[in-house]
Amino acid sequence: CFTLSARIVRTQFHGQTKEKLTTRHAAKLMEMCVRDAFELWLNQHPEEGRKIVELTIEQAMARLSKGKKVERKKSSGIATLPGKLVDCASGDVTRNELFLVEGDSAGGSAKEARDKETQAVLPLRGKVLNTMSKDSRTVLANKELQAIATAIGVDPHGPDDTVDLTGVRYGKVIIMTDADVDGGHIQALLLTFFFMHAPKLVAAGHLYVAQPPLYKVEVPSQGKGKPARRLYCLDDDELAEVLAQLKKENVRDGSWEISRFKGLGEMSPEQLWETTMNPDTRRLVRMELDAKEIGKVREVFEKLMDAGEAEGRRNWMREHWKTVEADV
């Protein structure tokens with residue numbers, strides 16, 4: 001602990017709480033009295049110096065994080081929602097859903113397709129920041145991630161932090177990306193953000209991943225009592241099952257038409273509603289997180305997403321390459 005006692009005329013303080021002295025000549029006086037001796041002491045005591053630096057950084061980050069939280073609670077206690085958020089009308093959190101959508105194209109279709117009463121849409125611009133080894137300060141400084149956190153009503157936190165989830169605005173937060181490699185990468189980046197920086201939200205059962213179809217099969221009418229059908233398939237395996245079933249039904253081989261979706265933006269609002277947003281027909285996977293397993297979960301994310309784990313990822317791919325279906 002170090003204390004410098006000094007009497008200063010014409011003092012100036014920061015803010016109404018007077019917790020910080022802003023008088024310029026006081027800072028100069030402090031530097032003149034301390035700098036040379038302190039630099040010499042640091043050179044002679046590197047281990048103690050390292051601890052001081054770590055403590056200083058930790059306290060600075062805590063102040064910045066606290067400042068961000070206070071800033072969000074200003075303006076009559078209501079956080080300003082992101083401008084690109086298309087919110088829902090309902091105030092019933094248990095019914096409300098937020099779709100995180102990649103790009104303006106898919107975002108436009110989702111805005112048209114949604115149930116305006118209970119479904120909100122937040123379009124994301126490209127791939128979000130990889131937050132695997134990022135601290136809360138860096139996460140909060142990122143506009144896309146800050147928009148997500150503000151829209152949901154949750155602050156970035158760790159597994160051991162005490163978090164108030166009463167401000168969460170949606171019962172379901174749904175990641176909705178294309179069924180391709182780029183969409184999978186965006187999905188992985190968002191999952192990293194939620195599992196590493198909003199684990200209590202995941203553990204409370206709020207996070208979901210949408211599973212849009214990769215294929216559409218148009219089956220023509222087969223006569224009286226057998227109208228034309230439109231079938232959607234999640235992947236190649238499901239497509240093979242559907243085609244096998246059509247043959248069993250004696251549908252003429254080749255009479256159907258198969259098309260592959262390039263992305264969510266290619267779907268019409270009606271198709272997007274039917275396949276991915278309609279609660280009665282869509283497919284969602286709920287993300288789960290057991291507090292006892294957080295250590296193992298973090299190890300998996302580190303192996304997959306940490307920039308310093310490239311060699312570990314290569315070894316993992318060599319070991320598991322036979323279980324992967326390449327998207328070419």
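Can LEU129 be described as at pLDDT 90 or above and either assigned to a helix (DSSP H, G or I) or under 27 Å from ILE174 (Cβ atoms) (or both)? Criteria met by LEU129.
Do the conditions hold for GLY167, that is, is it out of contact with any Asp or Glu (no Cβ under 6 Å at 6 or more places or on another chain), part of a helix (DSSP H, G or I) and not charged (D, E, K, R)?
No: the conditions fail for GLY167.
Restricting SER259, SER255 to residues that are out of contact with any helix residue (DSSP H, G or I) (no Cβ under 6 Å at 6 or more places or on another chain), of a type in the set (Ser, Thr, Tyr), part of a loop (DSSP other than H, G, I, E, B) and more than 30 Å from ALA204 (Cβ to Cβ) narrows the list to SER255. Filtering GLY91, GLY107, GLY126, GLY153 for residues that are over 23 Å from LEU165 (Cβ atoms) and surrounded by fewer than 21 Cβ atoms within 10 Å (Cβ to Cβ) leaves a single hit, GLY126. The set of residues from segment 139-170 being within 18 Å of LEU129 (Cα to Cα), β-branched (Val, Ile, Thr) and at pLDDT below 90 comprises just one member, VAL139. Please verify whether VAL202 is exposed (fewer than 13 other Cβ atoms within 10 Å of the Cβ), assigned by TED's automatic domain parsing to the domain that holds ARG137 and not charged (D, E, K, R), treating the condition exactly as stated. It is false that VAL202 is exposed (fewer than 13 other Cβ atoms within 10 Å of the Cβ), assigned by TED's automatic domain parsing to the domain that holds ARG137 and not charged (D, E, K, R). Filtered by the rule that a residue be in a loop (DSSP other than H, G, I, E, B), farther than 21 Å from GLU218 by Cβ and free of Cβ contacts under 8 Å to residues at least 12 places away in the same chain, segment 262-293 gives PRO279, ASP280. If you go through segment 263-280 and keep only what is at pLDDT below 90 and either hydrophobic (A, V, I, L, M, F, W, C) or surrounded by fewer than 12 Cβ atoms within 10 Å (Cβ to Cβ) (or both), you end up with LEU264, MET267, SER268. Residues that are farther than 23 Å from VAL53 by Cα and either among the hydroxyl-bearing types (Ser, Thr, Tyr) or at pLDDT 75 or above (or both) within segment 8-42 comprise THR11, THR17, THR23, listed in sequence order. Among the residues of segment 156-176, is any out of contact with any strand residue (DSSP E or B) (no Cβ under 8 Å at 6 or more places or on another chain), farther than 23 Å from LYS292 by Cα and among the acidic types (Asp, Glu)? No - not one qualifying residue is present in segment 156-176. One residue stands out in segment 178-195 among those that are closer than 21 Å to LEU289 by Cβ and of a type in the set (A, V, I, L, M): the one that is nearest to the chain's Cα centre (by Cα), namely LEU190. For LEU231, the test of being surrounded by 13 or more Cβ atoms within 10 Å (Cβ to Cβ), in a strand (DSSP E or B) and not assigned by TED's automatic domain parsing to the domain that holds GLY171 is passed.
The values are calculated or read from the model by the stated rules, or taken from the named source; none is laboratory data. For clarity, every value in this text was computed on a predicted model and none was experimentally measured. All Cβ positions, glycine included, derive from the backbone under ideal geometry; neighbour counts span all protein chains shown.
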